[in-house]
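Where a number appears in this text, it was derived from the coordinates with a stated rule and is not lab data. Predicted, not measured: the structure shown is a model, and the values here were computed from it. Please note: Cβ atoms are built from the backbone with ideal geometry, for glycine as well, and neighbour counts cover all protein chains shown.
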Amino acid sequence: MLAEWSGRAYTQGMTPRAEHVISVLVADDDQDQRLLVEAILRETEAQRHSVTLAADGIEALRALREQVFDVAILDLAMPALDGLEVFEAVGGDPHRPQVIFLSGQGTVATATRAMKMGAYDFLEKPVDADRLVTLVWKAAQAREVIARSERLGAAARREASEVSIITEDPGMRESLRLLARVADSGVSVLVRGESGTGKELIARELHRLSGRANEPLVALNCAAVSEALAESELFGHEKGAFTGAATKKVGLVELADGGTLFLDEIGDLAKTLQAKFLRVLESKRFRRVGGLKEFPTNFRLVSATNQPLKELVAEDAFREDLLYRINAIEIELPPLRDRKGDIPILVSHFVKEFRPTEADLWHVEPSAMEQLVNYPWPGNVRELRNVIERVALLARDQTVRAVDLGASLGTSGVAATVSDTVGTDGAPGTPGLPSLNLDDLERQAIEQALQQTGWHQGRAAELLGISPRTLHRKIRAYDLERPRD
């Protein structure tokens, strides 16, 4: 039978893709048939194939659980497990291959039923080489389209907001020019800046301007999840991997394949996870929690932090080799207090966001705008957005007055912990505006959160919107001590 194959190249209807190798599993208990299919696929010039052979259904199922294939060619009649049973066993795997059945005489009806269950197609024996090569190529294309559609759908459910970066500040504009230069390069980017400065917006803009714009953008805030949950979020898990894992979960590394993965507050990623994530960056392969199979992945990494990562490296809290991998390019975002000229245009933008039908009728009194410009904004643009949202809801007759704004600033973020009327030197201050510097404001917020929770650091961290590890580090930095009973 092998002598009947001449090694001709079959190209009808195919576009050569020499850069991509189609991985194929061939399962048939007939050795001659296996070798014939392998020879046809390996010797065609139109497309490169990587072929794995299995002598029965059990070997085929083991291979499917250990590797990722684009296409599986399964004989319907095999000992132990037939092709249909193998097909059903992998039916729930999101990385399942497209399946083409080989059917001998008398099994065509069974093959037809299998196609109704989701198989791609079937081939009758003896195999026609031209049809085999064409079917494998088309099945691989179909798998690629389906996988991409599933990733985009999952990403769209997670991320639905649009990119919006508004600035006239020279420093911010320089950061955006750097962003534009590196967006399409694919290198890892580290975005540094205080909380609320717009690091996620930068990640979205990098994605939008890259060649991956039509692929998913997925994000994880490393400071907002525990170590155990972060591992499952990143890599996914298999059913039964741990207590409560009732179903299989697809992780963000898997969802980001072909697109962009954004890790916010990467400095809070646990040390054990840093090592695992570094391996993924180096090998471009990962395993789900509780799984043995390695999956390929190809994403562009954008990280963000408000912490000095080099200091964390010196404290042995962050891996130096991981830092080198994530900061091929650094983009620095200035805090809002250093770009006061942006405050009026940001106010106008947020009014339009919260009052879109009547934004042109709104007016900000000069005294109110002066308060906004002079306020230190410890929460940066995020805090400004929250203040304008409250003002747009509560202000009278479409006018923002100083009294309305003062009340809003007095209850926003850490400003609520500071006197509304007295500055640090004892002199009267602007109502609603604290005069303390940013470090003092942060220290007061931490002390107040610890007092409110009886020094329960977990609950205090939740109140402050930071991770327990970050809170513990700041307690040491400010030399805070728990009061004795």
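List of remarks:
- Taking packing as the residue-averaged number of other Cβ atoms within 10 angstrom, the listed peptides 322-334, 192-204 run from highest to lowest as 192-204, 322-334.
- A simple count of charges around LYS271, restricted to other residues whose Cβ falls under 14 Å of its Cβ and scoring Lys, Arg +1 and Asp, Glu -1, yields -2.
- Less than 5 angstrom separates the built amide H of PHE101 from those of LEU74, ASP121, PHE122, LEU123, all sequence-distant by 5 or more or on a different chain.
- Cα centroid of the stretch 246-269 to Cα centroid of the stretch 307-322, whole Å: 22 Å
- Residues whose amide H falls under 5 Å from that of ASP56, counting only those 5 or more places apart or on a different chain, are ASP28, with hydrogens built in the peptide plane.
- Ranked list, fewest to most other Cβ atoms within 10 Å of each Cβ, for ASP360, ASP82: ASP360, ASP82
- Three-way shape call for the stretch 287-390 based on the alpha-carbon gyration tensor, with the a/c threshold at 1.5: prolate
- The stretch 113-139 versus the stretch 21-81: alpha-carbon centroid distance in Å: 13 Å
- Taking label positions 7 Å along the Cα-Cβ direction at both ASP93 and GLN448, the computed distance is 5.5 nm, reported to one decimal.
- Gyration tensor (alpha-carbon) shape descriptor, the stretch 170-332, a/c threshold 1.5: prolate
- Per residue, the convex hull spanned by the Cα atoms of the stretch 267-346 amounts to 138 cubic angstrom.
- Working note: Cα gyration tensor of the stretch 167-255, eigenvalues times five, square-rooted, sorted largest first, giving semi-axes of 33, 16, 8 Å.
- Counted by neighbouring Cβ atoms within 10 Å, the residues ARG143, ARG482 run from fewest to most as ARG482, ARG143.
- Cleavage-rule hits, GluC sites (Glu not before Pro), the stretch 224-315, DSSP coil, Cβ neighbours within 10 Å at most 15: GLU315
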